[in-house]
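First up is the structure itself, then whatever we jot down about it.
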Amino acid sequence: MSDIKILSLGGVREDGKNMYVVEVNQSLYILDCGLIYPPDDMLGIDFMIPDFTYLIEHQDQIAGIFLTHEHADAIGAVPYLLREISVPVFGTELTINLVKQECRKRGVRQFKDFYVITEDNEIEFDDVTVKFFKTTHTVPDSIGISLVTDEGSIVYTGDFKFDMTVSDAYQTDFQKLNEIASDGVLALLSESKQATSYFENEPENQVEQALIGEIRKAEGRVILASVGSNILRIQQAINAAYALKRHIFASGSDVENMIDAAIRYNKLTIPSKDLFKPLDELNQYEDSEVIILETGDTGEPLSALRKMSTGQYGDLRIQQGDLIILLTTPNAGMETEVARTKDDVYRAGGHTIDLFGSLHTSGHATPKDLQMMIRMMQPEYVFPVSGEFRQMHAHSQLAEAAGIPSDHIYLLDRGDVVQYKDHNMSLLSSVPATNTLIDGSGVGDIGNVVLKDRRILSEDGIFVVIVTISRSEGKILAGPEIISRGFIFMKQSDDIIAESQSLVRKIVENQLNDQKHFDWTKLKNAIRDDLSRYLYKETQRRPMVLPVIEEASHRRKKHNFMKG
């Protein structure tokens, strides 16, 4: 009888950073290792990754990292984990190739323990057999993972949906799902991102026909805006261009890298060698022959479209008559950005079509798909994962409606540990699972204090006071001098500047007059506190007040006397 624990280091109650750990008799199996992009108020932070403390402490017990697909929310943190520990990494061909690219980009070049698997492979460990099954997502080579134990299988779906119209490269392996279910499923870890959707996904063949229809009506250039990692959309763009005898001009480093990798491993079908053309040949073709595939340099095309609208994107800019088709379904937090982008496009003379405004499709499981997965797997326990809490909660209600008892559904928080022992699942204590912040080359060196300072600087600016003193003479030698950035316009704030200088002068003189109790920290804190109160009283704003106190060093002058 196995002792089984399930814990989440990310991917629950948040949109990204998927990372789940299954422990079977002291052996750890890591399912995905992704990142998440930060909210706007986390100024300067590039992205966030899971806290690896638990894994580092138990690295000798790790059997491997098992990856479901090649999106950043599933693989983006792998290079950072491999900096800390050396364990095998398993994934399908395209996934492993892109992980290797990320490792090289992040300076992890010596690690070689990568293993390419297919959905037909089975990997046997001491107490677990790891099996895989094909799933339908927006990239080929997407898989789910099943850990077969003597208590039943623990199944992790990864990102998935059900669509009978996709090509063989994207088809779900229903036979394998049925085989896994027939052997008994103890726990199902299933994604939740579209659990709150009111609409079912449109079949992908209808999406492609709708795209072809919109491009056919266009008289000028067509710009297709998509995330670079959505290979299914790129394939549909290729098919549309070929059907309508247009050439594709790819813009954005992400799409170029993705297309190169997908072509190399036969994950994209290119019906004609002349279909793709380099951007520097764009002006050699009639507008009616052109499709520009734009992904942006970070996989997000909206910022690139805005730059193209305002002439800030090199020689590539939106012109009169351009049709921009948005192939990306934006999340709710991007509605304002989408509206601004569309406005800029229209100002530049183009017009936009949101292809999914009426089609309602995504790469994730809708409520019907989620219940279908539960019905097929017939798990004893369900763990809604990979989504924000409202989505996980909706998923739990769907599971209950599908026949799963409410006390067999677990809505994990980050770090929660659930144990299955003696035929019973129970919640134990938690492990460290905070966000690790990535800022440039810095990993985890940015904390709440730094973020708070950045937020203050962005909102109310900085107010610097510079004073030079002589403690030996007990007086101010220079200043106070005021430097302000992002707070007030100095030339129109003479009264505030003068009063601030007077206030600082009094504080410094009082400290200098009490030489026995003079304290540098006390002096700076007094300036900071009193000046902050005064500035808030006058302006209702709280800039960062930074006192700079310098002490002049006086050396005795040497006198040379000439002998007479």
*What number of residues within the stretch 518-531 are at pLDDT 80 or above and either under 13 Å from I549 (Cα atoms) or polar (S, T, N, Q) (or both)?*
5
*Can you tell me which residue in the stretch 122-139 is most open to solvent (accessible area, probe 1.4 Å), limited to those that are more than 22 Å from M376 (Cα to Cα) and assigned to a strand (DSSP E or B)?*
E124
_Yes/no for E119 being surrounded by 23 or more Cβ atoms within 10 Å (Cβ to Cβ) and either part of a loop (DSSP other than H, G, I, E, B) or free of Cβ contacts under 8 Å to residues at least 60 places away in the same chain (or both)_ = no
*Name every residue in the stretch 416-432 that is surrounded by 12 or more Cβ atoms within 10 Å (Cβ to Cβ), more than 10 Å from I6 (Cα to Cα) and not aliphatic (A, V, I, L, M), in order of residue number.*
K421, S430, P432
*Can you name every residue in the stretch 208-232 that is open to solvent by less than 10 Å² (accessible area, probe 1.4 Å) and either in contact with a Gly (Cβ under 6 Å, 6 or more places away or on another chain) or not small (G, A, S) (or both)?*
L211, I215, V222, I223, L224, G228, I231
*Is it true that some residue in the stretch 164-175 is assigned to a helix (DSSP H, G or I), modelled with pLDDT of 90 or more and open to solvent by less than 40 Å² (accessible area, probe 1.4 Å)?*
yes
*State which residue pairs qualify: first residue touching a residue at least 60 places away in the same chain (Cβ under 8 Å) and inside the stretch 48-60, second residue surrounded by fewer than 22 Cβ atoms within 10 Å (Cβ to Cβ) and of a type in the set (D, E, K, R) in any location, beta carbons under 8 Å apart, and separation of 6 or more residues or different chains.*
F52/E84
*Can you find a residue in the stretch 18-29 that is farther than 30 Å from N424 by Cβ and buried (at least 24 other Cβ atoms within 10 Å of the Cβ)?*
no
*Has the stretch 99-110 got at least one residue that is over 26 Å from I259 (Cβ atoms) and open to solvent by 30 Å² or more (accessible area, probe 1.4 Å)?*
yes
*Could you say whether any residue in the stretch 148-155 is surrounded by fewer than 24 Cβ atoms within 10 Å (Cβ to Cβ), without any contact (Cβ under 8 Å) to a residue 40 or more places away in the chain, in contact with a Ser or Thr (Cβ under 9 Å, 6 or more places away or on another chain) and assigned to a strand (DSSP E or B)?*
yes
*Taking the residues in the stretch 73-107 that are of a type in the set (G, A, S) and modelled with pLDDT of 90 or more as candidates, determine which candidate is farthest from R264 (Cα to Cα).*
S86
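Residue by residue, here is whether (1) polar (S, T, N, Q); (2) modelled with pLDDT of 75 or more holds:
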residue	(1), (2)
D422	no, yes
E459	no, no
V467	no, yes
E473	no, no
I482	no, yes
R485	no, no
Q501	yes, yes
R505	no, yes
K516	no, no
_Filter pass, I263 being open to solvent by 30 Å² or more (accessible area, probe 1.4 Å), out of contact with any Pro (no Cβ under 7 Å at 6 or more places or on another chain) and either acidic (D, E) or at pLDDT below 90 (or both)_ = yes
*Could you check how many residues of the stretch 187-207 are surrounded by fewer than 22 Cβ atoms within 10 Å (Cβ to Cβ) and of a type in the set (S, T, N, Q)?*
4
*Residue check, A181 modelled with pLDDT of 95 or more, of a type in the set (A, V, I, L, M), closer than 19 Å to D369 by Cα and open to solvent by 20 Å² or more (accessible area, probe 1.4 Å)*: yes
*Could you please find all residues in the stretch 55-96 being under 21 Å from H137 (Cα atoms), open to solvent by less than 20 Å² (accessible area, probe 1.4 Å) and in a helix (DSSP H, G or I)?*
A74, I75, V78, L94, T95, I96
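The values are calculated or read from the model by the stated rules, or taken from the named source; none is laboratory data. This one's a predicted model, so the numbers in the text were calculated from it and none came from an experiment. Glycine also receives a Cβ, built like all others from the backbone with ideal geometry; neighbour counts cover every protein chain displayed. Quick note on the areas: whole protein, heavy atoms, side chains included, nothing else; ligands and nucleic acids left out. Shrake-Rupley method; radii C 1.70, N 1.55, O 1.52, S 1.80 Å.
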